[in-house]
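Peer 1: Handing you this structure, nothing more for now.
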Amino acid sequence: MSDDTAEVPPALSAESDCSLILERVNEFLDHELDEGSCDAIRAHLDACEDCLDDYDVQQALKQLVNRCCRTTQAPQQLRMTIVTSITRWRAG
Ligand SMILES: [Zn+2]
């Protein structure tokens, strides 16, 4: 029996593409990644200011959402609104 329909995400390293890292930042924040991938993301954030910025926004957003909507998933619209305001606020 073969089941190759499951998508295997590419392995992460500190040198991974920023887009790859950002794709996984949410899983990282949710503690859904294995230790190796977490290390890779931490190393990348350490070296890449752009990704670190985005990570900060994602983290702030997650804390906000956790505080406001403990039991339900925040609607996409609300998430976008929060991201936009945080980005605007950060941009000064
Ligand atoms: Zn990066």
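Peer 1: Of the accessible area of the stretch 18-91, with the probe set at 1.4 angstrom, what percent is carbon plus sulfur?
Peer 2: On the way: 2500 of 5050 Å².
Carbon-and-sulfur percentage of accessible area, whole number: 50.
Peer 1: Separate question: For the pair Ile86/Gln59, report the inter-label distance in nm, with labels modelled 7 Å from Cα in the Cβ direction.
Peer 2: For the pair Ile86/Gln59, the computed spacing is 1.0 nm.
Peer 1: Over the stretch 11-60, what lengths in whole Å, largest first, do the semi-axes of the equivalent ellipsoid take, defined as the square roots of 5 times the eigenvalues of the alpha-carbon gyration tensor?
Peer 2: For the stretch 11-60, the ellipsoid semi-axes come out as 14, 13, 8 Å.
Peer 1: Determine one quarter of the surface area of the Cα convex hull of the stretch 25-92, which equals its mean projected area, and express it in nm² to one decimal.
Peer 2: Working: hull surface 19.9 nm².
That works out to 5.0 nm².
The values are calculated or read from the model by the stated rules, or taken from the named source; none is laboratory data. Given the structure is predicted, the values throughout are model-derived calculations rather than measurements. Positions of Cβ are generated from backbone atoms using ideal geometry, with glycine treated the same way; all protein chains shown enter the neighbour counts. Surface areas here come from the heavy atoms of the whole protein model, side chains and all, with no ligands, DNA or RNA. Shrake-Rupley method; radii C 1.70, N 1.55, O 1.52, S 1.80 Å.
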